[in-house]
Structure formats: structure tokens, C-alpha cells
1. Under a plain spin-label model, where a point goes 7 Å from the Cα along Cα-to-Cβ, how far apart in nm are Lys69 and Met1?
2. Given H placed 1.01 Å from N in the peptide plane, which residues other than close sequence neighbours of Ala34 have an amide H under 5 Å from its amide H?
3. Can you tell me how much longer the chain between Phe193 and Leu210 gets when fully stretched, taken as 0.36 nm per residue apart minus their C-alpha distance, in nm with one decimal?
4. How large is the convex hull of the Cα atoms of region 1-85 per residue, expressed in Å³ as a whole number?
5. Please list 48-56, 12-20, 67-75 highest first by mean number of surrounding beta-carbon atoms within 10 Å per residue.
6. Rounded to the nearest 0.05, what FRET efficiency is calculated for Trp60 and Ile220 with R0 set to 30 Å and r the Cβ-Cβ distance?
Amino acid sequence: MLLLLILGTFLGFFIQTVIGFAGALVALPILLLAMPLPDAIAYISIFYFISTPVFVYREWKNMDKDILKKLALSSIVGVIIGIVILSYGQPLFLKKALGVFIVLFVLKSLRKQKETKRASKMEYTYGFLGGFFSGVFSTGGPLYVMVVKNVSPDVKTFRATMFGILGLVTVVRLPVLAIGGILTVNQLYNALFVLPFFIMALVLGKKAYLKMDEQLLKKIILGLLFVSGIMLLV
């Protein structure tokens, strides 16, 4: 279990540091090989919580504050409702529905780029859904991507804004997980053994980001969005 926790955390947060999202989408399938869904969500939330101050401090000046404000309130409501559902069951059909939604979005954006502009006018709806799926599965990132990438002038702003909204969601999610009994002291203890590998992922991810050009990062973002949809379906 510990080896899979280390592997999932390292790979997930390496990708998260490079592009600004998809950490949970990479880590979750690996963690689920060794633990039930609520435990996996708790571990991912712990490391998101640790990384949030680092990302926000580094990227604050690049964040789109207006879109963050629009996404914030509805995201908080969505997180709380999502965790309540997580506490009382594992509605995996919702996970598959999210996968279908993401795949269709990517296919549309490949055919007609202008159609995706509608997403930027639905901040509150996408904020709620992003918070909801972050609470249930820690997989709300792709929904935020649909909004943020359409209002961001460049990858730097996109990446920083994604750190901001996912950080906000994490700050809300962790206390609610603790109150709901999903987050335990034993999980915090196990997380200490993973911490060095988590820090390594942040350092190496930052170096990888600095060596990539913007066009490549845009392709990676869209590609990971598509892969994340397929993974949710499978």
C-alpha cells in the first residue's frame, strides 16, 4: 500500500506541477489498487493541502482573480455536497457521466474552437460541478479547465489560475473530510513517509515546466483532458 501511495502521489503531483491540474486523475487510479475510494480521496487531499500554499505563493501574480471570484462560492457549495455523498456511498455512475461529458467537450473543442467559448459564460455552473466532483472523486479539475482555459490569454495565466481554484477547493475539502470521519490520524501518519517523494515531484515538475514551450503545454493540457475522460469511463 505504501509503495503504491508513493508512486501515485509522485506521478500525480509531478503532472500537477507541470500543467496546473490532473494530479488527482493520475494518482487516483494507482491509489485505488491498494485502498478504497474514501481513503484515496483523503490522501490526495492531504498532499493538495500541503502544496496549495507553495503554488499560491509562487503563482499569485499570474492568477486571473476575476474568474477565481466567480468560481469560488459555487465551488465551495459543490465540495460540501460532494463530500456528503461520498460519506454515504460511492456513486460510480456519476464518475462515468463526468467521463462522457469531458470526452465530448474535448471532441467539440477540436472541431470548432469557438464553441468552447460558451464555457466561459457558465462559471457558476462549472464551479458547482467542479466542486462537487472534487468532493466526491477529487476529479473536478477538468471541469475548471473548461472555463479557465477559455478566459486565459496564455498558459502561464491558465496554470496559475488552476492552482488557485484547486487550492481553494482543497482548503474547504480537507476540514469537511475530517468532520465526516473520512480523514484519519493514521492517514496523516502514513503521509509523512510519502512527503520526501511528494517534495521531489514538486521540484522536478517545476523544472520540467520551465523547459516546455507554450504550444506543447497547450497540446498536453488538451490531451490530458481527453485521457482523463477516458480514465473516468474505464
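1. About 4.5 nm, to one decimal.
2. Those qualifying (amide H under 5 Å, at least 5 residues apart or on another chain) number zero.
3. Length difference between fully extended and current span is 3.3 nm.
4. In region 1-85, the Cα convex hull volume per residue is 97 Å³.
5. 12-20, 67-75, 48-56
6. Working: r = 23 Å, r/R0 = 0.78.
So, using R0 = 30 Å, E works out to roughly 0.80.
Since every read-out is calculated from the coordinates, none of them should be taken as a lab result. The shown structure was predicted, so the numbers you read here are calculated from the model rather than taken from an experiment. We place every Cβ from the backbone using ideal geometry, glycine too, and count neighbours over all the protein chains shown.
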